[in-house]
Every structure is written in structure tokens, then in C-alpha cells.
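A quick write-up on the structure given underneath.
Please treat every number below as a calculation from the coordinates, not as lab data. Keep in mind it's a predicted model, so treat the numbers as computed, not measured. Positions of Cβ are backbone-derived with ideal geometry, glycine not excepted, and every protein chain shown enters the neighbour counts.
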Number of protein chains: 2
Amino acid sequence: MTEKWIAGIDLGGTTTKLAFINENGDIVHKWEIDTDNSEKGKNILKNISDSIDQKLERLNKEKEILLGIGIGVPGAVDLKKGIIYEAVNLGWEDNLPVVQALGELTGLPVAIDNDANCAALGEMWKGAGQGAKDLLCVTLGTGVGGGVIVNKQIVHGVKGAAGEIGHITVIPENGSPCNCGKTGCLETVASATGISRIATENLHTYKNDSRMKDIFAKQGRLSAKDVFDCANENDQLAKKIVDQVAFYLGLTLANIGNSLNPEKIVIGGGVSKAGDTLLAPISSYFRKFAFSTVAQSTSLHLATLGNDAGVIGAAWLIKSK
Amino acid sequence: MTEKWIAGIDLGGTTTKLAFINENGDIVHKWEIDTDNSEKGKNILKNISDSIDQKLERLNKEKEILLGIGIGVPGAVDLKKGIIYEAVNLGWEDNLPVVQALGELTGLPVAIDNDANCAALGEMWKGAGQGAKDLLCVTLGTGVGGGVIVNKQIVHGVKGAAGEIGHITVIPENGSPCNCGKTGCLETVASATGISRIATENLHTYKNDSRMKDIFAKQGRLSAKDVFDCANENDQLAKKIVDQVAFYLGLTLANIGNSLNPEKIVIGGGVSKAGDTLLAPISSYFRKFAFSTVAQSTSLHLATLGNDAGVIGAAWLIKSK
């Protein structure tokens, strides 16, 4: 039997990741192109279609090798209509009919979902969530995103806002402002930006020595990575901040765990590169705050696919059809 | 075509509710029997089977009118095996094969789920959640229970603990002890028991007059209903307590809402009889704490089926097969 591929696309605000993925979920080829946001993003889909054609030609493959195109997009999606409600980062007009337009450009079946949901599906198919039917995936990056999977299907909710874990309120009173317009969201304390902010604020009030003070004096800023590096060097203030971040994440994941009792919770995104320095205290708070059955049966894991999760999950959209 | 019925059973610790329900979800006949907990509950299923037979005989109907039996049970359920993990209130032994045993006794197809999940399905089929595919149901009674429905299916999770909303931690530090072994659970502040406790504690420290002080002096106790009644009479302390309860409920439902973005959230159980006195402030806090899309698209409702939700939802288990 001839091998078939799926094109997986992870459409980002500045870069679009593309990959050809076989039916086992293995990446056969992957590459990137710039995302052209000019003129309300009118070239974005054309560029994707052209890039796929060029790649196939270079590989000396016919278009027939492709079963379809799965695409993850940075915005809430109406699955039935195949449109993005809004994608501010792309400059796209609202309600753009992505599935129809990309289907006409390529002549291939197209499936779409939100990028955080695609990352969750990727981790389910080939990453840390492999084998789990019920899965929660949380992405700690510049912001905090999430994907909820029940019975191998992404939960979208009535208006595509399921999985907005970053905007769960963890500080109900006097929390910091969030980009979403609320205050005290998980994103304000557990994103890379949030961790950097908390660390910087604490520098000014902390009376003892801290390696973070030296770094801040030298760089003029503190990154989330600086905080974790210092914590690994046993810096007391850094350890206190990591503990605080882990408290909010462990509490939130336990509370979602009590609602869904997923088999696995997968933590990904740039911040998760902190590894066990972050996972261990999150797991500890998770077990403290979760209902006993949930604490025993839901397990926490670091994501394993890194930046490939999006394209692999996008391909799953076609594979699972 | 001959009308067909489904037997819906809501098995409680002291009373078992039974009903014959037609395929439209309307109750044709309903009745109750005592739950016999003696001898490790060995008579429970036999009593149910006998009671169904007697009722059919009295109605002059053949057993063939029944499509099957749906049963809601007070404990976590393993759906695949058709067993209850444990049902402390029934005195039943663990891992009892309910589906098989009741099937053999009656010769009918049997379907099982947890009682809170059946109540959620009932509200989805014929109650406040009618028409919604994605639904969250929260039951405020002696405890706080919940049922999560995604795509018309109950979410069970890996070990049946999905929907344990009552044990979401709302007071992470110095909360009151909960029956589950943790502290600061939603159940400690939003169940009938919790509301009564908070009110009583507040009496001692409140310096002004309150009608609740008079009631407590007369009765020696304060019920959740007393608190709502006093709030309706504009008692300031009672209003403060209702506001506090609504704060915790609105915050919790908003946070679950951000994970699932259900079409409807239905609030039932004895405490929900407070009606708009409770629903209005919950809705207000919900909109404050929910992500904007969720605040706009997820709506809150009072349950409408009362004690019938359980038997109707149990019948749905057969209807939906």
C-alpha cells in the first residue's frame, strides 16, 4: 500500500509551521514560512497552498499523496462553519471561511481548530498524552492556553471558549490586570510574562540577598527562565516565587481535575522547559487540592513534542475524520 | 404503535424513587419504596424488581411494555463493568455488579450511572437544560454534587470522579474541614450544611441586630432556608451571607465555565429553592469572573424538575442507547 501523508499547519502570528505527517503521526518533512499579515492577511492561505505545492514538487511527490490539510489557527473557531470568529494577530477579517477558501485553493479536504487545541491533540496522539482518551493540556508561554479532550474529542463549548484555562480567576480580589480585561487570571501569575512580573515586583521588597537582584541590575529585567535557573541554584527568593507559581497552577489544575477527572494533564509551552523544578511542586499542590480519587487517578506530565505538537495535532484533525 | 415505557430508578440511602416514563420523557407513573439497607443491602435490587412487577400488575400491563431499566446510584460507577466502586450509604459491598444482577432479576436491559449524573441528564432531557448539548449541572443539597455533560454525554473521567464540583477548593488556606478529608471545599460554604454553619458562626461576631439572632435563640439552630428568608426580609447580616455564598458559587462556576464553555449551567437541589435571591447574585459574580466569551454565551438557570430529575435522567440512559 502506498504511504499517505497529511499536511499539518500551525498558523502563527509571525511564522507558519508546516509538516507532512504520515498516518502513524510521524513527521516526514517539516518547514516554516513567514506569515504575511499585510493587506488584512489576504495572502496567508495562498502562501500556504503554494508552499505545499513547491515542497511536493521538490520531493518529487504527486499531490495525491496528501489525504488532506489540518490547520491550527490562533483564534476561536466555529467548527461547523469552518471559520475563525476573530484572529487579531493575523489582521484577518472576522468570520473568514478558512476551510472553504483553503479547500478551493488546494483541492484537498481541510479541517480546522484552534492552535491550543491542536497542540493538545498532538500530545494526545504522539506525545505525553499518548493512550489517554480524556486529557487536559495546558500551555505556559507568553500567555496561558489550554485544550480539553474528552473521549478523544476536543471540547469546544457553545462559543469555542472551552479551554480558556489562562483566564480562570486565581486571585479574586486585587489581582493584576490581564490582557483579557479581567484581573487575577491564571495567566497573570503563571505565564512567562507573569512569572517575570512577580519576580521583579518581589525584588524591591525582598530584604535579603538574591542572585536575581544581580541579574536584574545587569540586564535591567528578569525572565521566567532566570527565575527557574536561580531556583535551581537554591536562591531562596527564586524558590519562593516558583512555589507561588506552582501553588496557583496546582490549585487550578486540581479544580479542573475535580470537574473532569482526566487520565492525564499535560503541561507544555516555553515555561514547562523548567522541567521538574516546576512539575514537582505543581504535582504536590495538585495532590493537596484535588479530590482524593482525582489525586490518585489523574497524573501530571510534561509535554514531549515541543513546537511540533501543533502540526501533529492539526494532522490528527484529518486522521480522525 | 404501542406506547413503550422505561423504568427510571433513583436509588437513595433511605428511599428509592421509581417511575415509568414514556419515550418523550414524561412520567406516566411514579412511586417510592424504602431502601432496605440491612444485610449489606442484599434485598435492594430484589425489592426494586418486585416493586416493578407489582406496579405493572396493578396497572394491568405486560412486562413487554418496558424497554429497560435505568438506575441512578449514590456512588462512583464503573460504566464498562456496570458496577458501583463503593456506595457507603447503602451498606453495599464494593464492586457490586448492579447491571448484571438487576438484569438477571428482571430480564430487562439495565443501564446505570451516578445519581448526580442522572439528575444532570434529566435536566438536559426535560428540564432547564433542554436543548443544550453541553451542560453543567450543580446540585446544592446537604452536600454539593455535579454532573458535566459534553455532547449530550456524561463526562465520567478516568475513575468516575468527574463532576466532583463540591470538592473544588475555594478557600485554599484555613478553610473549614470537608467530609472528603480536605479543607475549604465548595461544599463547606455552598451546601445547606455549609450555609447554616457560616450563618451561625457569623451570629456570634455580628454586633448589630439581626432577625437571624432571634431565630437562633428560639430554634437553637439556623437553616439555609432561614438565611434566605431573612435575606428576603432585607436582613443585613443574612444578605451579607447570601452574597458570600454567591461569590464562591459564581467564582467556581465561572472557572469551570472557562474550561468548558457549556451552553447552560443548571443549579438544582434544595438550596436552589431560594430562587432568584440566590441566582441573581451568583449570575452577577459569574459574569464578573468568567472570560468575556463565556460570560456572554454560557447562561445560568434554576433546575425545573425538582426530585423528578433523577428518575427522568435514569430513563434517559436507556432512551439514549
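Quick look at the values:
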{"read-out": "Greater than 23 Å apart at Cα, pairs in A:Lys152/A:Lys321; A:Lys288/B:Lys240; A:Lys17/A:Lys133; A:Lys4/A:Lys30; A:Lys159/B:Lys152; B:Lys182/B:Lys213", "value": "A:Lys288/B:Lys240; A:Lys17/A:Lys133; B:Lys182/B:Lys213"}
{"read-out": "Closest approach to the axis - chain A beta-carbon, rotation onto B, Å", "value": "A:Val150, 3"}
{"read-out": "Principal axis dimensions, the protein assembly as shown - Cα atoms, whole angstrom, descending", "value": "80, 69, 41"}
{"read-out": "Neighbour-count order for B:Glu123, A:Glu263, A:Glu104, fewest beta carbons within 10 angstrom listed first", "value": "A:Glu104, A:Glu263, B:Glu123"}
{"read-out": "Relative contact order (%) - chain A, alpha-carbon pairs under 8 angstrom, separation at least six", "value": "21"}
{"read-out": "Spin-label pair B:Asn37/A:Glu64, simplified geometry with 7 Å Cα→Cβ offset, distance in nm", "value": "7.1"}
{"read-out": "Long-range HN-HN contacts of A:Ser299 with modeled amide H, under 5 Å", "value": "A:Lys264, A:Ile265"}
{"read-out": "Ranked list, fewest to most other Cβ atoms within 10 Å of each Cβ, for A:His29, B:His301", "value": "A:His29, B:His301"}
{"read-out": "CD proxy at 222 nm, helix term only [per DSSP H run n ≥ 4: -39500 (n - 2.57); per residue of the protein assembly as shown; nearest 500]", "value": "-12500 deg cm²/dmol"}
{"read-out": "Within-12-Å neighbourhood charge of A:Lys17 [Cβ basis; K, R +1; D, E -1]", "value": "-4"}
{"read-out": "Percent of Cα-Cα distances greater than 38 Å, calculated over chain B", "value": "18"}
{"read-out": "Proximal charge balance of A:Val189 [Cβ under 15 Å; K/R count +1, D/E count -1]", "value": "-1"}
{"read-out": "Max mean-square fluctuation residue, GNM over chain B, Cα-Cα springs under 10 Å, options B:Ile84, B:Ile215, B:Ile44", "value": "B:Ile215"}
{"read-out": "Gyration tensor verdict on the stretch A:229-321 (Cα atoms; rounded if a/c is under 1.5, prolate if a/b is larger than b/c, oblate otherwise)", "value": "oblate"}
{"read-out": "Rh by Kirkwood over Cα pairs, then Stokes-Einstein D for the stretch A:131-303 at 0.692 mPa s and 37 °C, µm²/s", "value": "200"}
{"read-out": "Taking B:His167, B:His204 and counting other C-beta atoms within 10 Å, the order from fewest to most", "value": "B:His204, B:His167"}
{"read-out": "Loop-located trypsin sites (Lys or Arg not before Pro) in the stretch B:122-228 whose Cβ has at most 11 other Cβ within 10 Å (DSSP)", "value": "B:Lys207, B:Arg221"}
{"read-out": "Gap separating the Cα centres of the stretch B:132-197 and the stretch A:98-165, nearest whole Å", "value": "27"}
{"read-out": "Chain B: antiparallel DSSP beta bridges as a percent of all, rounded to 5", "value": "60"}
{"read-out": "Size of charge dipole - chain B - debye, nearest 20, with Cβ of Lys, Arg +1 and Asp, Glu -1, no other charges", "value": "540"}
{"read-out": "Distance between the stretch B:242-321 and the stretch A:231-304 - C-alpha centres, whole angstrom", "value": "28"}
{"read-out": "Among A:Trp31, A:Trp125, A:Trp92, residue whose mean-square fluctuation peaks in a GNM of chain A (springs only between Cα atoms under 10 Å)", "value": "A:Trp31"}
{"read-out": "Label geometry 7 Å along the beta-carbon vector: B:Lys207 inter-copy distances in nm", "value": "3.3"}
{"read-out": "At 7 Å out from Cα toward Cβ: B:Lys218 inter-copy label distances (nm, ascending)", "value": "7.4"}
{"read-out": "Integer Hz, Karplus 6.51/-1.76/1.60 couplings in order for the stretch A:305-321, x for Gly and Pro", "value": "8, x, 6, 7, 4, x, 5, 5, x, 4, 5, 4, 4, 7, 3, 7, 6"}
{"read-out": "Label geometry 7 Å along the beta-carbon vector: A:Lys80 inter-copy distances in nm", "value": "3.3"}
{"read-out": "19 Å Cα-Cα reach of A:Lys239 towards aspartates and glutamates, excluding residues that sit fewer than 8 places from it in its own chain", "value": "A:Glu201, A:Asp209, A:Asp214, A:Asp226, A:Asp229, A:Asp276"}
{"read-out": "Highest-fluctuation residue, A:Leu278, A:Leu105, A:Leu253 considered, GNM on chain A with Cα pairs under 10 Å", "value": "A:Leu105"}
